[in-house]
Amino acid sequence: MAVERTLSIIKPDATRRNLTGKIIAKFEDAGLRVVASRRIRLSQAEAEAFYGVHKERPFFKDLVQFMISGPVVVQVLEGEGAIQKNRDVMGATNPANAAAGTIRKEFAESIEANSVHGSDAPETAANEIKFFFRDLDIVG
Ligand code: CMP
């Protein structure tokens, strides 16, 4: 399987509860490597642009407000099949449907405050990584 890179965001519900270390340990235990990382506060314009694909969805406004409600940690994760592996480690979007041992099952508060975001496909991963990081910021 090819080595890939994917974008991960540790969301405000998780940074507020001081869970970044526990979440990163889940990525590392699964064989993913953190090759870039920044703790930032998203502006409203940045959150709207990042989640632009969801702008017609009924939850868009609340999602943007939630994502700017506190710091987030944006990261590039690298590894064999990293995009799917990250999604497996995160678990289902709705924590009620997430499998045992996944990040969302263990830590998420709700479908909105679901602790982590991860890219869903190779093209999305490339675009989402570019949204936050220059090539020079990524050290594999
Ligand atoms: P994420 O993987 O970051 O992508 C979009 C986010 O919208 C999703 O995780 C959820 O946190 C949030 N969201 C809120 N409500 C819903 C919903 N009903 N269906 C899907 N995503 C939702």
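The values are calculated or read from the model by the stated rules, or taken from the named source; none is laboratory data. Quick caveat, the model's predicted, so the values are computed rather than measured. Positions of Cβ are generated from backbone atoms using ideal geometry, with glycine treated the same way; all protein chains shown enter the neighbour counts. Note: accessible area is taken over every heavy atom of the protein model, side chains too, but ligands, DNA and RNA are not part of it. Shrake-Rupley method; radii C 1.70, N 1.55, O 1.52, S 1.80 Å.
Taking residue 133 as meeting all but one of (1) away from the ligand (no atom under 15 Å from the Cβ); (2) under 16 Å from residue 3 (Cβ atoms); (3) not small (Gly, Ala, Ser), write down the number of the exception.
(2)
List the number of the failed condition for residue 112; all other conditions in (1) touching a residue at least 40 places away in the same chain (Cβ under 8 Å); (2) within 13 Å of the ligand (Cβ to nearest atom); (3) within 29 Å of residue 2 (Cβ to Cβ) hold.
Unmet for residue 112, out of (1) touching a residue at least 40 places away in the same chain (Cβ under 8 Å); (2) within 13 Å of the ligand (Cβ to nearest atom); (3) within 29 Å of residue 2 (Cβ to Cβ): (3).
I need the full set of residues from the stretch 39-73 which are open to solvent by 100 Å² or more (accessible area, probe 1.4 Å) and either away from the ligand (no atom under 11 Å from the Cβ) or touching a Phe, Trp or Tyr at 6+ places or on another chain (Cβ under 8 Å) (or both), in order please.
Hits for the stretch 39-73 are 39, 41, 55, 56.
Working carefully through the options 112, 46, 128, 106, find the one that is under 16 Å from the mean Cα position of the chain (by Cα) and over 24 Å from residue 17 (Cα atoms).
Criteria check complete, one pass: 128.
Output the number of the condition that residue 82 fails; it satisfies all remaining conditions of (1) open to solvent by less than 10 Å² (accessible area, probe 1.4 Å); (2) away from the ligand (no atom under 15 Å from the Cβ); (3) closer than 18 Å to residue 19 by Cα.
(3)
Residue check, residue 105 against (1) within 13 Å of the ligand (Cβ to nearest atom); (2) in a helix (DSSP H, G or I), all met but one. Which one?
(1)
Applying the selection to the stretch 94-119, what residues are open to solvent by 50 Å² or more (accessible area, probe 1.4 Å) and touching a Lys or Arg at 6+ places or on another chain (Cβ under 7 Å)?
Result: 99, single match.
Residues 33, 16: which one is within 16 Å of the ligand (Cβ to nearest atom), modelled with pLDDT of 95 or more and over 14 Å from residue 131 (Cα atoms)?
16
Could you please find all residues in the stretch 85-101 being more than 13 Å from the ligand (Cβ to nearest atom) and without any contact (Cβ under 8 Å) to a residue 24 or more places away in the chain?
Once the filter is applied, which keeps residues that are more than 13 Å from the ligand (Cβ to nearest atom) and without any contact (Cβ under 8 Å) to a residue 24 or more places away in the chain, the stretch 85-101 yields 99, 100, 101.
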